[in-house]
Amino acid sequence: MPKEIDRDGLRRMVEAGAQLVEVLPAEEYVEDHLPGAISLPLRHVDAEGSKVLDKQRSVIVYCWDIA
Amino acid sequence: MSPRAAWRLESLGFSEVYDYTVGKLDWLAAGLATEGTNANRPRAGGLARKDVPTCGLEERLSVVRDRVRNQGWEAAVVINDERIVFGLLRAKELAGNGDQLISQAMRPGPSTFRPYVLAEEMAHSMVDHKLESSPITISDGRLVGLLLQKDVVEAVRKSA
């Protein structure tokens, strides 16, 4: 089950090597994204998730907000 | 959107998946740096005056007025010890009866804006609503600074 993480936890995990992934549409990523994040829009997760992400490392996903 | 992505990644064999549920909005609202084409555009947080005078609810208006004017200001933000914004003193409020407490003299509950709002949007909003100044706060209500309309209009003019 995916675990929720807050801002401080995110920073700690990214420093420790977690992969940070924005799942919003690519054009939103181009405008603004969290430092070090990669773009993997939700509709591309199925086809590309296993190619662009390392299953041996933690992954943190985010979008715009909780909605 | 992110919960679905997190669950899908887990189903694809990723065992350690986390969801930053409050997302980019939380990050931006905290005034933290981003990357991307908007990263270097002027925003409310960067333009806000961090040296704006502040005061507490229980201070006397005459005392605050002297302090504010000695610092060359005609505005002050009313905050508590945690820098949570309670009110605003603009020129009109500062000119009131000096015997009043700040809690009586202030304009309570002023509209605040988040640090990530782009200067263009802020300029339009402040001009349209005739706001000379607006407190900029992060998501928990803490003061970042006071944004002056003249500063944001000038920033937009320079970046045009």
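Scanning segment A:33-52 for residues that are at the interface with chain B (Cβ under 7 Å from one of its Cβ atoms) and surrounded by 20 or more Cβ atoms within 10 Å (Cβ to Cβ) returns A:33, A:34, A:45, A:49.
Mind listing just one residue for me: the one in segment A:34-64 that is aliphatic (A, V, I, L, M) and part of a helix (DSSP H, G or I) and, of those, nearest to residue B:25 (Cα to Cα)?
Within segment A:34-64, the subset aliphatic (A, V, I, L, M) is A:34, A:37-38, A:40, A:42, A:45, A:47, A:52-53, A:59-61.
Those left that are additionally part of a helix (DSSP H, G or I): A:42, A:45, A:47, A:52.
Values: A:42: 18, A:45: 22, A:47: 27, A:52: 25 Å.
Only one residue tops the list, namely A:42.
Sort out which residues of segment A:19-39 are in contact with a helix residue (DSSP H, G or I) (Cβ under 6 Å, 6 or more places away or on another chain) and aliphatic (A, V, I, L, M), and write them in order of number. Hits for segment A:19-39 are A:20, A:23, A:34. Taking residues in segment B:14-29 that are at the interface with chain A (Cβ under 7 Å from one of its Cβ atoms) and without any contact (Cβ under 8 Å) to a residue 12 or more places away in the chain, and partners anywhere that are among the basic types (Lys, Arg) and surrounded by fewer than 22 Cβ atoms within 10 Å (Cβ to Cβ), the pairs with Cβ atoms closer than 7 Å and at least 6 places apart or on different chains are B:14/A:55; B:27/A:7. Against the numbered list (1) under 16 Å from the mean Cα position of the chain (by Cα); (2) under 21 Å from residue A:14 (Cβ atoms), residue B:24 comes up short only at (1).
Scanning segment A:2-33 for residues that are touching a strand residue (DSSP E or B) at 6+ places or on another chain (Cβ under 9 Å), assigned to a loop (DSSP other than H, G, I, E, B) and more than 21 Å from residue B:7 (Cα to Cα) yields a total of 1.
Yes/no matrix, rows are residues, columns are (1) modelled with pLDDT of 95 or more; (2) within 11 Å of the chain's Cα centre (by Cα):
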{"site": "B:110", "(1), (2)": "no, yes"}
{"site": "B:137", "(1), (2)": "no, yes"}
{"site": "B:140", "(1), (2)": "no, yes"}
{"site": "B:147", "(1), (2)": "yes, yes"}
{"site": "B:151", "(1), (2)": "yes, no"}
{"site": "B:158", "(1), (2)": "no, no"}
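Residues that are more than 18 Å from residue B:86 (Cβ to Cβ) and touching a residue at least 24 places away in the same chain (Cβ under 8 Å): list the helices (runs of 4 or more DSSP H) wholly contained in segment B:99-160 that include at least 2 such residues. By residue number, B:119-128, B:149-159.
The values are calculated or read from the model by the stated rules, or taken from the named source; none is laboratory data. Source: prediction; values computed, not measured. Neighbour counts are summed over all protein chains in view; Cβ atoms, including those assigned to glycine, are modelled from backbone coordinates with ideal geometry.
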